[in-house]
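Report on one structure; see the data block that follows.
The values are calculated or read from the model by the stated rules, or taken from the named source; none is laboratory data. Just so we're clear, the structure is a prediction, and the values are computed from it rather than from any experiment. All Cβ positions, even for glycine, are placed from backbone atoms using ideal geometry, and neighbour counts span all protein chains on display. The area values use the complete protein model at the heavy-atom level, side chains included, leaving out ligands, DNA and RNA. Shrake-Rupley method; radii C 1.70, N 1.55, O 1.52, S 1.80 Å.
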Amino acid sequence: MEDRYNLRDPSSNVDELIRSTPFFAGLPDSVVERATAHIVTRTHPPNQVILLENDWGSSVYFLLDGWVKIRTYNLDGKEVTLNILGTGEIFGEMAALDEVPRSTDVITLAPTTIGNMPAQDFVQLIHTEPLAGIRLAQLMARRLRQVNRRLRLRESDSTSRVADILLFLAEGQGTESPEGGTEIPNLPHRELSSLSGLARETVTRVLSKLEKKSLIKRDREKLCIPDVHALERLLV
């Protein structure tokens with residue numbers, strides 16, 4: 001079941017959520033008010049397809065709560081997870097700017113709330129507000145750095161590759177744990193396998209090894225990294 005409500009609904013806190021996203025940080029209130037006037041929000045259950053490859057880019061999406069994965073398929077028809085995005089991220093911006101069909105699918109990994117901004121409103125904001133353009137450039141630069149790091153580690157050992165994926169998730173969406181350290185969602189091993197390019201069994205084995213060394217702690221919902229720097233030292 002999907003719930004839908006407008007950003008201006010006084011019974012929701014969506015207005016606060018949208019203003020707290022990094023993309024809008026520092027923009028004047030009047031600019032944010034105008035840019036978000038037509039945003040409609042929806043809540044989605046896990047494993048729901050939000051966008052499909054070759055869809056046209058009629059909206060840009062703000063992830064207000066939850067997690068999604070960006071996927072495609074290789075020449076052999078195998079699913080490949082390109083990225084995992086969490087609260088505060090945006091997606092769909094490239095198709096809106098290029099005016100071309102989308103190149104990937106987007107699927108929810110958890111109960112997720114998304115704000116849909118009409119593509120023309122997003123493009124207008126980029127054209128008229130320099131700081132919005134800077135925010136978009138910063139987003140692109142961060143994603144490019146993440147891709148470059150993952151490519152450099154593609155030939156590394158399995159421990160380095162799994163550790164890098166956990167650090168990648170912590171950098172983008174980690175939250176402070178009440179017990180200290182950084183928390184990320186305890187994603188299914190198949191998602192970590194697709195992100196790292198390793199077999200699922202290898203991912204499971206490496207995670208068990210990291211847990212035995214107290215480099216990570218896991219429960220059903222969360223994975224905690226007690227010391228990010230200690231995990232970083234595994235990268236070779």
**OP:** Determine the share of the range 115-236's accessible area contributed by carbon and sulfur atoms, expressed in whole percent, with a 1.4 angstrom probe.
**Re:** 51 percent
Original post:
Are there any helices in the chain, counted as whole DSSP H runs, that stretch 24 Å or more along their axis by Cα and score at least -0.5 on average by Kyte-Doolittle, and if so which?
Top reply: 130-152
Original post:
Using the beta-carbon distance between THR204 and ASN148 and R0 = 22 Å, what value does 1/(1 + (r/R0)^6) give for FRET efficiency, to the nearest 0.05?
Top reply: 0.20
Original post:
With θ set to phi - 60° and the Karplus curve 6.51 cos²θ - 1.76 cosθ + 1.60, what are the ³J(HN,Hα) couplings of the range 76-92 in order, to the nearest whole Hz, using x for Gly and Pro?
Top reply: 8, x, 7, 5, 10, 7, 8, 6, 10, 10, x, 3, x, 7, 10, 8, x
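Ordering HIS229, HIS44 by how much accessible area each has at a 1.4 Å probe, largest first, what is the list?
On the way: HIS229 120, HIS44 20 Å².
So the residues, ranked largest to smallest area, are HIS229, HIS44.
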**OP:** May I ask you to give the percent of accessible area on the range 11-69 that is carbon plus sulfur, with a probe radius of 1.4 Å?
**Re:** 51 percent
Original post:
If you stretched the chain out fully between TRP56 and VAL123, how much longer would it get, using 0.36 nm times the residue separation minus the C-alpha to C-alpha distance?
Top reply: 22.6 nm
Original post:
Taking amide H positions as placed 1.01 Å from N in the peptide plane, with prolines and chain starts having none, which residues 5 or more places from SER103, or on another chain, fall under 5 Å of its amide H?
Top reply: ASN54
Subject >> the range 10-151, accessible area per residue, ligands and nucleic acids excluded (1.4 Å, Å²) >> reply: 48 Å²
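Given a Förster distance of 22 angstrom, what is the FRET efficiency for THR72 paired with ALA37, based on the Cβ-Cβ distance and rounded to 0.05? Spell out each step's value before the answer.
Working: r = 33 Å, r/R0 = 1.51.
E between THR72 and ALA37, to the nearest 0.05, is 0.10.
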**OP:** Among DSSP beta bridges whose residues both lie in the chain, state the antiparallel percentage, nearest 5.
**Re:** 100 percent
Subject >> Coordinate range along principal axes, alpha carbons of the chain, Å, largest first >> reply: 51, 44, 38
Original post:
With the chain treated as a Gaussian network of Cα nodes joined by springs under 10 Å, which of GLU183, GLU89, GLU171 yields the largest mean-square fluctuation?
Top reply: GLU171
Subject >> Average accessible area per residue (Å²) across the range 155-233 - probe 1.4 Å, nucleic acids and ligands excluded >> reply: 52 Å²
**OP:** Sort the following peptides by mean Cβ neighbour count (other Cβ atoms within 10 Å, averaged over residues), highest first: 65-74, 27-36, 109-118.
**Re:** 109-118, 65-74, 27-36
